[in-house]
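Below is one structure, written out as structure tokens; comments come after it.
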Amino acid sequence: MLGVLHACRWGARRVLRAHSGGIMLTEERFVVEANHDGWRLDRFLTERIRRATRSHVQRMIAGGARFGDGRPARPGSRVRAGDEVFLTRRDLGASRRPAQEPRVVAEDGELVVLEKPGGWLVHRNAHELSNTIEAWLSETWPGERVEPVHRLDRDTSGLLLCARGVEGVRRWRGAMSGDGVRKEYLALVEDPEASWRPGEGRTIDVPLGFDASSAVRLRMGVGDLACATEVEVIERRGPRALLGCVLRGGRQHQIRAHLYLAGTPVVGDKLYGMGDAFFLSWLEAPGDPSLEVQLALRHHALHAHRLTLEDGRTWCCGPPDAWCDRA
């Protein structure tokens, strides 16, 4: 039997908890825009839900989906512009809210700049809905469309650019995908061989692609996707080096993968630093003390510390205090 745990404004979002087993369920509202008019319902939801396969979406529809006008919802139902679709699904991350909340660094016209703590997922996906930056923005600005226009990995901290309104989101996503915004990162890396020396600069331009040899589907390795990471050595900290990095290309895990391929993984990186087996164990039991004790940092030492727009507007923020405690 399901009972209401609490309600909060996230479109028409409702959060429920099953009394048996503490399963969290979320009812999420989707509005069909003109470019999806006439699509099958399962195709539409697959487009809207990150990292969800069509077969997974079909199972979710069968488990609890409805149209706002009362029509029955089936995988092959046709959606029309303006339709409201309500989908009930499990929220596996609902009980794991990070301790530190995001911070608003600036509101500048149609832009909102956040400082994202490590541990926050930016976008909702097939399994995690409520403890994401997207959900936090909806709760913070109810009734207004404020969305991230790029992504940071869950454990990466730092500046995240968000935009207001349909046109603002579209325009700034386009800017972030090109060279219109300069993104600068700080990375603390394991470097016992002192391959990074203060004052040195280097560009890592190994093309990247999914690592077919890895047991982790999203791990990146050498591939055929062109990209480059400009690296400058800021200082050494014993067997580690503090690096400044600038992205050119913006591939998935680009800085982390490039620094791993250079032989100096980011401190605390559960995937590239600790390996596939550790990473998969962490996914099964996040925060397990027997795993956490093996990490130099709970969240890896990669921080988006400066954003600069073409018109000169700049925002910056320093890395987490934990870097100093463990450096």
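The values are calculated or read from the model by the stated rules, or taken from the named source; none is laboratory data. Predicted model only: the values in this text are computed from it and were never measured. Cβ sites come from the backbone with ideal geometry, for glycine too, and all protein chains shown count toward neighbours.
Determine, yes or no, whether P265 is surrounded by 22 or more Cβ atoms within 10 Å (Cβ to Cβ), touching a strand residue (DSSP E or B) at 6+ places or on another chain (Cβ under 8 Å) and either of a type in the set (S, T, Y) or at pLDDT 95 or above (or both). Show your work before the answer.
Values: surrounded by 22 or more Cβ atoms within 10 Å (Cβ to Cβ): yes; touching a strand residue (DSSP E or B) at 6+ places or on another chain (Cβ under 8 Å): yes; either of a type in the set (S, T, Y) or at pLDDT 95 or above (or both): yes.
Here the answer is yes, as P265 does meet what is asked.
Does G199 satisfy the condition of being of a type in the set (G, A, S) and modelled with pLDDT under 95?
Yes: the conditions hold for G199.
Could you check, for region 145-156, whether at least one of its residues is farther than 20 Å from G273 by Cα and among the aliphatic types (A, V, I, L, M)?
Taking region 145-156 as the starting set, the residues that turn out to be farther than 20 Å from G273 by Cα are 145-151.
Now narrow it down to the ones that are among the aliphatic types (A, V, I, L, M): 146, 149.
Within region 145-156 (the criterion being farther than 20 Å from G273 by Cα and among the aliphatic types (A, V, I, L, M)), the answer is yes, since at least one residue qualifies.
Tell me whether region 236-257 contains one or more residues that are of a type in the set (D, E, K, R) and more than 15 Å from A301 (Cβ to Cβ). Please lay out each step first, then the result.
We begin by selecting, within region 236-257, every residue of a type in the set (D, E, K, R); these are 236-237, 240, 248, 251, 256.
Checking which are more than 15 Å from A301 (Cβ to Cβ) leaves us with 248, 251.
Checking region 236-257: at least one residue is of a type in the set (D, E, K, R) and more than 15 Å from A301 (Cβ to Cβ).
Can you pull out the residues in region 206-221 that are under 13 Å from R256 (Cα atoms) and charged (D, E, K, R)?
Listed by number, the list holds a single entry, R219.
Please find, among V85, V57, the residue that is in contact with an Asp or Glu (Cβ under 7 Å, 6 or more places away or on another chain) and crowded, with 19+ Cβ neighbours inside 10 Å. Spell out how you get there, then give the answer.
Working: V85 fails: in contact with an Asp or Glu (Cβ under 7 Å, 6 or more places away or on another chain).
One residue alone meets the criteria, V57.
Name the residues in region 89-142 that are crowded, with 16+ Cβ neighbours inside 10 Å and at positive phi, would you?
G119
I'd like to know if region 158-165 contains one or more residues that are in contact (Cβ under 8 Å) with a residue 40 or more places away in the chain, surrounded by fewer than 15 Cβ atoms within 10 Å (Cβ to Cβ) and outside the structural domain of H305 (by TED's automatic domain parsing). Steps first, answer last, please.
As a first pass, look at region 158-165 and keep what is in contact (Cβ under 8 Å) with a residue 40 or more places away in the chain: 158-165.
This time we only want the ones that are surrounded by fewer than 15 Cβ atoms within 10 Å (Cβ to Cβ), so: 165.
Now narrow it down to the ones that are outside the structural domain of H305 (by TED's automatic domain parsing): 165.
Within region 158-165, one or more residues are in contact (Cβ under 8 Å) with a residue 40 or more places away in the chain, surrounded by fewer than 15 Cβ atoms within 10 Å (Cβ to Cβ) and outside the structural domain of H305 (by TED's automatic domain parsing).
Just need a number here: residues in region 268-303 that are aliphatic (A, V, I, L, M), under 15 Å from W120 (Cα atoms) and touching a residue at least 12 places away in the same chain (Cβ under 8 Å). Break it down stepwise before answering.
Going residue by residue through region 268-303, those that are aliphatic (A, V, I, L, M) are 271, 274, 277, 280, 283, 285, 291, 293, 295-297, 301-302.
The next check asks that each one be under 15 Å from W120 (Cα atoms); those that pass are 283, 301-302.
When the remaining residues are screened for being touching a residue at least 12 places away in the same chain (Cβ under 8 Å), the result is 301-302.
Counting residues in region 268-303 that are aliphatic (A, V, I, L, M), under 15 Å from W120 (Cα atoms) and touching a residue at least 12 places away in the same chain (Cβ under 8 Å) gives 2.
Within region 30-53, does at least one residue satisfy the condition of being over 14 Å from R90 (Cβ atoms), among the small types (G, A, S), at pLDDT 85 or above and not assigned by TED's automatic domain parsing to the domain that holds W141? First the steps, then the outcome.
Within region 30-53, the subset over 14 Å from R90 (Cβ atoms) is 30-48, 50-51, 53.
Right, trim to among the small types (G, A, S) and you get 34, 38.
With at pLDDT 85 or above added as a condition, the list becomes 34, 38.
From the residues that got through so far, the ones that are not assigned by TED's automatic domain parsing to the domain that holds W141 too are 34, 38.
There is at least one residue in region 30-53 that is over 14 Å from R90 (Cβ atoms), among the small types (G, A, S), at pLDDT 85 or above and not assigned by TED's automatic domain parsing to the domain that holds W141.
Is it fair to say L247 is in contact (Cβ under 8 Å) with a residue 12 or more places away in the chain, in contact with a helix residue (DSSP H, G or I) (Cβ under 7 Å, 6 or more places away or on another chain) and closer than 25 Å to P102 by Cβ? Spell out how you get there, then give the answer.
Numbers: in contact (Cβ under 8 Å) with a residue 12 or more places away in the chain: yes; in contact with a helix residue (DSSP H, G or I) (Cβ under 7 Å, 6 or more places away or on another chain): yes; closer than 25 Å to P102 by Cβ: yes.
Yes, satisfied.
If we only count strands (runs of 3 or more DSSP E) wholly inside region 216-255, which ones have 1 or more residues that are closer than 24 Å to C324 by Cα and modelled with pLDDT of 95 or more? Give the derivation first.
Working: elements: 220-222, 228-237, 240-248.
Strands (runs of 3 or more DSSP E) meeting the threshold: 228-237, 240-248.
Among (1) over 21 Å from L295 (Cα atoms); (2) of a type outside the set (A, V, I, L, M, F, W, C); (3) in contact (Cβ under 8 Å) with a residue 24 or more places away in the chain, where does P239 come up short?
(1)
State whether one or more residues within region 301-312 are at pLDDT 95 or above, of a type outside the set (K, R), assigned to a loop (DSSP other than H, G, I, E, B) and surrounded by 18 or more Cβ atoms within 10 Å (Cβ to Cβ).
Yes: one or more hits.
Which numbered condition in (1) modelled with pLDDT of 90 or more; (2) assigned by TED's automatic domain parsing to the domain that holds G168 is the only one that A99 fails?
(1)
Testing D191 on (1) acidic (D, E); (2) surrounded by fewer than 20 Cβ atoms within 10 Å (Cβ to Cβ); (3) assigned by TED's automatic domain parsing to the domain that holds E310, one condition comes back false. Which one is that?
(2)
Of the residues V166, V181, V189, V113, which single one is more than 24 Å from G318 (Cα to Cα), aliphatic (A, V, I, L, M) and more than 11 Å from the chain's Cα centre (by Cα)?
Details: V181 fails: more than 24 Å from G318 (Cα to Cα); V189 fails: more than 24 Å from G318 (Cα to Cα); V113 fails: more than 24 Å from G318 (Cα to Cα).
Checking each option against the conditions leaves just V166.
On the given criteria, is R236 out of contact with any Ser or Thr (no Cβ under 7 Å at 6 or more places or on another chain), under 24 Å from D179 (Cβ atoms) and not hydrophobic (A, V, I, L, M, F, W, C)? Spell out the reasoning first.
Details: out of contact with any Ser or Thr (no Cβ under 7 Å at 6 or more places or on another chain): yes; under 24 Å from D179 (Cβ atoms): no; not hydrophobic (A, V, I, L, M, F, W, C): yes.
So R236 fails the test.
Name the single residue that is farthest from A322 (Cα to Cα) among those in region 256-300 being under 20 Å from the mean Cα position of the chain (by Cα), part of a loop (DSSP other than H, G, I, E, B) and of a type in the set (D, E, K, R).
Top of the filtered list is K270.
For region 171-214, which positions are among the charged types (D, E, K, R) and under 17 Å from E310 (Cα atoms)? Outline the logic, then answer.
First, the residues of region 171-214 that are among the charged types (D, E, K, R): 171, 173, 179, 182-184, 190-191, 193, 197, 200, 202, 205, 211.
Answer for region 171-214, where residues must be among the charged types (D, E, K, R) and under 17 Å from E310 (Cα atoms): R171, R173, D179, R182, K183, E184.
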